[in-house]
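The values are calculated or read from the model by the stated rules, or taken from the named source; none is laboratory data. Owing to the predicted nature of the structure, the values given are computational and were not obtained by experimental measurement. So basically every Cβ, Gly included, is an ideal-geometry build from the backbone, and we count neighbours across all protein chains shown. For accessibility, only protein heavy atoms count, side chains too; no ligands or nucleic acids. Shrake-Rupley method; radii C 1.70, N 1.55, O 1.52, S 1.80 Å.
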Amino acid sequence: MCRTLFLFLFLFLFSLSGSSQVTKADYYNKIDNKVFTFSKKSPDAPFDSITTFVNHEFKTSEDRARAYYTWIALNISYDVEHLNEMNLMQVFNINSSSTNQKGKDVLRNKKAVCEGYSNLMVDFCASSSIPCYMVCGYTKTPNGDIPEILHAWNVLRIDSVWTFVDITWSSGYMDYSGKYVKRFSNLYFLPKAKNFVKDHLPLDPMWELLKNPFTKHDFEKDSLTISHSPVFNFPDSLRAYVNQTQEKREYLNFLHYYRANPDDSRHAKNLDILNNNTIADQLNRGVAYHKDFMEIANKKLSKKPNLADCKKARVMLDSVTFYNNEAQSLLLSVPVYTTEYKDVFVRMQNSIDENKKGLKTNYDNLNKLQAYLKKK
């Protein structure tokens, strides 16, 4: 495989040798050859060795991004077997995710599907302080078909400009027999947004990086000449997005997916699942503190009570109250997107109300015990 890639790079250099003008392709080719030489000498280099090499050899964000792009494309093979076992739509269901597609797994196995290629790029870029995110969406084949299986690629910021990378499509392609053909390409390294959107439509319009984003209907009808969408200030949206926590960004992803395509019930359900999980997390934290309270009550306060233990028990009750109130606040602030979760949220509200009653009883008993101990 490496010998074939080297031949390709050599031929690419030879084809340009007749021109005296240095092109962008010439410039990138120098980076590619350095990466190829490093890969040949250290085919099993660990993550830290790869990033140290890149950060030492290349000084600009663009050069480093190109080096990572090339390294992944040359060294990671497409996992056809895994593709045949899964449907990438599951990636966008919060209850499931692909296996062996984290950056460390891809680096170890030297194979991936698009999710893995993108995750590894995110990890590499982080080591060079390059903002980089995995983006999910629809693609279009050369004959105009839109596969049901969703695709993943990267959006990254080079200096102050956001741009694209699709390493999966840059490393090779599937032929008509379903066999993967390794072939390195420049086509999907930092393409212009107006060109990239012709065959890549993200679920979140923010990631189109266009003032007037196209809709899925435009994409399906191949109407990508003029967008009829209102002006969208994506730079401001991106600034707000990157300043959020990972948890908040995950929520914004599904919220943006839903707003872009509210007819897709999966996005609505994922929003309800996220909200359900967040509220349940607050309630579970309260349950943990309630267990601590009960341990003090059963082992200390019911046998040889003292004011110090009463104080500890009150701290536990205050913590239960705090998380119960947090759950209540969240429940009141989020909409319900699906009929399925209306009943779920009603049951949550009932649990919160029951907790309030139990807390009042525990506070009353604790207050009586403290008053009694102070009189002794």
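Please go through the range 321-376 and pick out each residue that is of a type in the set (D, E, K, R) and more than 17 Å from Tyr289 (Cα to Cα). If you could, list the steps in order and put the result at the bottom.
We begin by selecting, within the range 321-376, every residue of a type in the set (D, E, K, R); these are 326, 340, 342-343, 347, 353-354, 356-357, 360, 364, 368, 374-376.
Residues satisfying the conditions are Glu340, Lys342, Asp343, Arg347, Asp353, Asp364, Lys368, Lys374, Lys375, Lys376.
Give the number of residues within the range 189-198 that are in contact with a helix residue (DSSP H, G or I) (Cβ under 9 Å, 6 or more places away or on another chain), open to solvent by less than 30 Å² (accessible area, probe 1.4 Å) and either part of a loop (DSSP other than H, G, I, E, B) or in contact (Cβ under 8 Å) with a residue 40 or more places away in the chain (or both).
2
Which members of the range 349-366 meet the condition of being more than 17 Å from Phe322 (Cβ to Cβ) and open to solvent by less than 70 Å² (accessible area, probe 1.4 Å)?
Passing the criteria: Gln349, Asp364.
Count, please, the residues in the range 97-139 that happen to be without any contact (Cβ under 8 Å) to a residue 12 or more places away in the chain and under 13 Å from the mean Cα position of the chain (by Cα).
Final tally of qualifying residues: 1.
Just to be sure I understand, how many residues within the range 225-247 are touching a strand residue (DSSP E or B) at 6+ places or on another chain (Cβ under 9 Å) and either open to solvent by 30 Å² or more (accessible area, probe 1.4 Å) or assigned to a loop (DSSP other than H, G, I, E, B) (or both)? Let's see the steps before the verdict.
Let us first name the residues in the range 225-247 that are touching a strand residue (DSSP E or B) at 6+ places or on another chain (Cβ under 9 Å), namely 234-235, 238, 241-242.
Filter again for either open to solvent by 30 Å² or more (accessible area, probe 1.4 Å) or assigned to a loop (DSSP other than H, G, I, E, B) (or both), leaving 234-235, 242.
The total comes to 3.
If you check every pair at least six apart or on different chains, which have Cβ atoms under 9 Å apart with a residue in the range 38-53 that is under 15 Å from Arg108 (Cβ atoms) and at pLDDT 95 or above first and a residue that is of a type outside the set (Lys, Arg) and in a loop (DSSP other than H, G, I, E, B) second?
Partner pairs satisfying both residue conditions: Ser49/Ser42; Ile50/Ser42.
If you check every pair at least six apart or on different chains, which have Cβ atoms under 9 Å apart with a residue in the range 221-237 that is touching a residue at least 60 places away in the same chain (Cβ under 8 Å) and within 16 Å of Lys140 (Cα to Cα) first and a residue that is open to solvent by 50 Å² or more (accessible area, probe 1.4 Å) and of a type outside the set (Ser, Thr, Tyr) second?
Every condition considered, the pairs that remain are Asp222/Lys198.
Consider the range 211-224. How many of its residues are part of a loop (DSSP other than H, G, I, E, B) and either in contact with a Lys or Arg (Cβ under 7 Å, 6 or more places away or on another chain) or open to solvent by 30 Å² or more (accessible area, probe 1.4 Å) (or both)? Full working, then the answer.
Going through the range 211-224, the residues part of a loop (DSSP other than H, G, I, E, B) turn out to be 211-215, 221-224.
When the remaining residues are screened for being either in contact with a Lys or Arg (Cβ under 7 Å, 6 or more places away or on another chain) or open to solvent by 30 Å² or more (accessible area, probe 1.4 Å) (or both), the result is 211-212, 215, 221-224.
So the answer is 7.
Hey, among the residues in the range 107-135 that are in a strand (DSSP E or B) and open to solvent by less than 10 Å² (accessible area, probe 1.4 Å), which one's nearest to Val155 (Cα to Cα)?
Our first condition is that a residue be in a strand (DSSP E or B); within the range 107-135, this holds for 111-112, 132-135.
Retained after the next criterion (residues that are open to solvent by less than 10 Å² (accessible area, probe 1.4 Å)): 112, 135.
Values: Ala112: 19, Val135: 7 Å.
So, considering only residues that are in a strand (DSSP E or B) and open to solvent by less than 10 Å² (accessible area, probe 1.4 Å), the one nearest to Val155 (Cα to Cα) is Val135.
Any idea how many residues of the range 146-168 are out of contact with any strand residue (DSSP E or B) (no Cβ under 8 Å at 6 or more places or on another chain) and at pLDDT 90 or above?
Let us first name the residues in the range 146-168 that are out of contact with any strand residue (DSSP E or B) (no Cβ under 8 Å at 6 or more places or on another chain), namely 148-149, 158-161.
Filter once more, keeping what is at pLDDT 90 or above: 158-161.
Selection size over the range 146-168: 4.
Just checking, which of Val320, Val344 is in contact with a His (Cβ under 9 Å, 6 or more places away or on another chain), within 26 Å of Glu247 (Cβ to Cβ), surrounded by 15 or more Cβ atoms within 10 Å (Cβ to Cβ) and in contact (Cβ under 8 Å) with a residue 24 or more places away in the chain? Steps first, please.
Working: Val344 fails: in contact with a His (Cβ under 9 Å, 6 or more places away or on another chain).
Only one candidate passes the filter, namely Val320.
What number of residues within the range 25-37 satisfy the criterion of being β-branched (Val, Ile, Thr), free of Cβ contacts under 8 Å to residues at least 24 places away in the same chain and closer than 13 Å to Phe58 by Cα?
In the first step, residues of the range 25-37 are kept if they are β-branched (Val, Ile, Thr); the result is 31, 35, 37.
Next, from what is left, pick out any that are free of Cβ contacts under 8 Å to residues at least 24 places away in the same chain: 37.
So of that shortlist, the ones also closer than 13 Å to Phe58 by Cα come out as none.
Summing the residues that are β-branched (Val, Ile, Thr), free of Cβ contacts under 8 Å to residues at least 24 places away in the same chain and closer than 13 Å to Phe58 by Cα in the range 25-37 gives 0.
Take the residues of the range 16-37 that are open to solvent by 80 Å² or more (accessible area, probe 1.4 Å) and in a helix (DSSP H, G or I): which is modelled with the lowest pLDDT?
Restricting to residues being open to solvent by 80 Å² or more (accessible area, probe 1.4 Å) and in a helix (DSSP H, G or I), the top hit is Lys24.
Pick from Asn275, Asn253: which is in contact (Cβ under 8 Å) with a residue 24 or more places away in the chain, among the polar types (S, T, N, Q), touching a helix residue (DSSP H, G or I) at 6+ places or on another chain (Cβ under 8 Å) and surrounded by 15 or more Cβ atoms within 10 Å (Cβ to Cβ)?
Working: Asn253 fails: touching a helix residue (DSSP H, G or I) at 6+ places or on another chain (Cβ under 8 Å).
Only one candidate qualifies: Asn275.
For the range 257-268, does any single residue satisfy the condition of being within 22 Å of the chain's Cα centre (by Cα), within 19 Å of Ile146 (Cα to Cα), part of a loop (DSSP other than H, G, I, E, B) and modelled with pLDDT of 95 or more?
no
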